[in-house]
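One structure is given below, encoded as structure tokens.
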Amino acid sequence: MSATRDVRGLVRALRAAHLHDASRAKLLQLACERIRAWGAPFTSVYAYMLEGDALVLEAHAGRATEHVRIPVGTGVCGTAVATGRDQNIPDVTTIENYLACNLDTRSELVVLIRRGATILGQLDVDSDVPAGFSDGEHGAVKQVADALAVLL
């Protein structure tokens, strides 16, 4: 299913879950599962929330990762927070401080969950496809991150 076709449905589902008092963990898990269900290029989706100077894994769909805590400034995820900018990495092998969740991952998209200037966390999406994420996929994940920023 196309990410651009289902993003509205996911945002509606998140709002409905929030109205029914879903916990932060449930909202993040719902987001991860539904993004991954969009299919290729979305292989695995991780929701990290910022706690002090580290990102802490709170939900995921797809492959498990040993990276449950990532210091700000480390890897693609930590770089996104340190710079305050989303990261769309077409080839993870070109990143010197890359933290591999899985050896099959070829590209990565990190979209910040932010409320104004405050970074709350991020959605980290891995793909087994080189240059897997277009502006369209980035925009779809950003809409989900923006919805989460309001609901969390």
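The values are calculated or read from the model by the stated rules, or taken from the named source; none is laboratory data. Everything numeric in this text was worked out from a predicted model, so none of it was measured. With ideal geometry, Cβ positions are generated from the backbone for all residues, glycine too; neighbour counts draw on all protein chains shown.
Scanning region 1-13 for residues that are assigned to a helix (DSSP H, G or I) and more than 15 Å from the chain's Cα centre (by Cα) gives T4, R5, D6, R8, G9, R12, A13. Inspection of region 46-53 identifies no residue that is out of contact with any Gly (no Cβ under 7 Å at 6 or more places or on another chain), closer than 16 Å to A140 by Cβ and at pLDDT 95 or above. Listed by position, the strands (runs of 3 or more DSSP E) inside region 47-152 whose residues that are touching a residue at least 60 places away in the same chain (Cβ under 8 Å), crowded, with 21+ Cβ neighbours inside 10 Å and in contact with an Asp or Glu (Cβ under 6 Å, 6 or more places away or on another chain) number at least 1 are 118-127. Taking every residue in region 14-33 that is over 20 Å from L57 (Cα atoms) and pairing it with any residue that is among the basic types (K, R) and part of a helix (DSSP H, G or I), at least 6 positions away or on another chain, the pairs with Cβ-Cβ distances below 8 Å are A17/K26. Residues in region 39-54 that are under 18 Å from K26 (Cα atoms) and among the aliphatic types (A, V, I, L, M) were compared, and the one that is farthest from the chain's Cα centre (by Cα) is L50.
Residues checked against (1) surrounded by fewer than 22 Cβ atoms within 10 Å (Cβ to Cβ); (2) of a type in the set (A, V, I, L, M, F, W, C); (3) at pLDDT below 95:
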| position | (1), (2), (3) |
| --- | --- |
| S2 | yes, no, yes |
| G9 | yes, no, yes |
| Q29 | yes, no, no |
| C32 | no, yes, no |
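A quick yes/no check of all residues on (1) farther than 22 Å from S134 by Cα; (2) in contact with a helix residue (DSSP H, G or I) (Cβ under 6 Å, 6 or more places away or on another chain):
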position	(1), (2)
A22	yes, no
R34	no, yes
A47	no, yes
L57	yes, no
E66	yes, no
V72	yes, yes
G84	no, no
N88	no, yes
S107	no, no
